[in-house]
Amino acid sequence: MFEVLIFATLNGLVTGLLLFMLASGLTLIFSMMGVLNFAHASFYMLGAYFAYSISLYTGFWPALIIAPLLAGVVGALVERYGLRRVHKSGHVAELVFTFGLAFLIEEAVQFFWGRSTMNYESPALLDFPLFTLFGQNFPAYKAFMIFISVAIFIGLYFVLTRTRIGIIIQAAITHPNTVANLGHNVPFIFMAVFGVGSGLAGLAGVIAGPVLTTFPGMAAVLGSIVFVIVVIGGLGSLAGALVASLLIGLLQSYAIASDVGMQDLLDLLGVSFDADHPLNDIWRLTLPQIAPIMPFLLLVLVLIFRPSGLLGKRES
């Protein structure tokens, strides 16, 4: 039991920090531009496919650098020549635009790479167990994923709170006209932030591709979870996104690793039902079965008791 708890915690940390890597870009974009980008997970998928193609010629490590840059360039172009034009029409137009963009990117991926799963593998340099505990190996690549995710959080937090660039970015959020009058190119700042956010999503794809497999539907798998994380953590809160990501990752990991079900609860309460009871299937549910919907249950609870999110700012 103890070893199950340890490895469930480690796997939960890996999953949670991977989700944060993806959610951090969306959080950055929303906090800066007020745009909920429905196509954000599509840049995650682009990062994985770009890395796969580049790694065929240069190996994993150059792809780790080049693929996120390419995803960031694509994101910057989308903001400059697409999103900026519909921004004046309001949030509904932005949502519809990014929603359509997600489908467009998915179709483009299937057109260029096909519908089959890509054989995108982790680098040979990290293909070894970092340590062995209770007879189980913990891969070095997962530790690498944790390191990258923590480095992203520290880097973003430092840039946004301790540098001149961060001060300009935060000032442009609330006082764009004042920043423009000081000689800064606010539209370029918006484009750069959108590009950086897309690049972070691409980096998450590069890191996750070898572990979660690279296939055309990978954006849909994590797309909805990313929005859940951003809302639970608090819209625009980087620290909130980290807390929510870890919470969801650990919650799902513990649920999957457990062997507890409704029947155990009924036995504890001394309640029993006939085999032909109309709700008999519900009583047979187990935690591993409901693990995929736990983030959404948590979202409902947060919206009920703290609509602004765990670390979000309440509107006055």
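The values are calculated or read from the model by the stated rules, or taken from the named source; none is laboratory data. Since this is a predicted model, take the numbers as computed values, not measurements. Here Cβ is always computed from backbone atoms with ideal geometry, including for glycine, and neighbour counts include all displayed protein chains.
Please determine, by comparing only the residues of segment 107-120 that are farther than 20 Å from L200 by Cβ and surrounded by 15 or more Cβ atoms within 10 Å (Cβ to Cβ), which one is modelled with the lowest pLDDT. First the steps, then the outcome.
Quick first cut of segment 107-120, residues farther than 20 Å from L200 by Cβ only: 107-108, 110-119.
Among the residues that remain, those that are also surrounded by 15 or more Cβ atoms within 10 Å (Cβ to Cβ) are: 113, 118.
On the way: W113: 95, M118: 92.
Per the stated criteria, the residue is M118.
Restricting attention to segment 154-166, does a residue exist that is surrounded by 13 or more Cβ atoms within 10 Å (Cβ to Cβ), more than 28 Å from G12 (Cβ to Cβ) and of a type in the set (V, I, T)? So that I can check it myself, show each step before the final result.
Start the filter on segment 154-166 by keeping residues that are surrounded by 13 or more Cβ atoms within 10 Å (Cβ to Cβ), which leaves 156-157, 159-160, 166.
Then keep just the ones that are more than 28 Å from G12 (Cβ to Cβ); that gives 166.
Now restrict to residues that are of a type in the set (V, I, T): none.
The answer is no; no qualifying residue exists.
Of the residues that sit in segment 279-316 and are over 28 Å from D259 (Cβ atoms) and over 22 Å from the mean Cα position of the chain (by Cα), which one is modelled with the lowest pLDDT? Quick ask: steps written out before the conclusion?
Taking segment 279-316 first, the residues over 28 Å from D259 (Cβ atoms) are 303-316.
So of that shortlist, the ones also over 22 Å from the mean Cα position of the chain (by Cα) come out as 304-305, 314-316.
Details: I304: 92, F305: 91, R314: 56, E315: 52, S316: 42.
Applying the filter and picking the extreme gives S316.
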So which residues in segment 168-186 are surrounded by 13 or more Cβ atoms within 10 Å (Cβ to Cβ) and modelled with pLDDT of 80 or more, if there are any at all?
-> I168, V179, A180, H184, V186
For segment 188-226, which residues satisfy the criterion of being surrounded by fewer than 19 Cβ atoms within 10 Å (Cβ to Cβ) and among the aromatic types (F, W, Y)?
-> F188
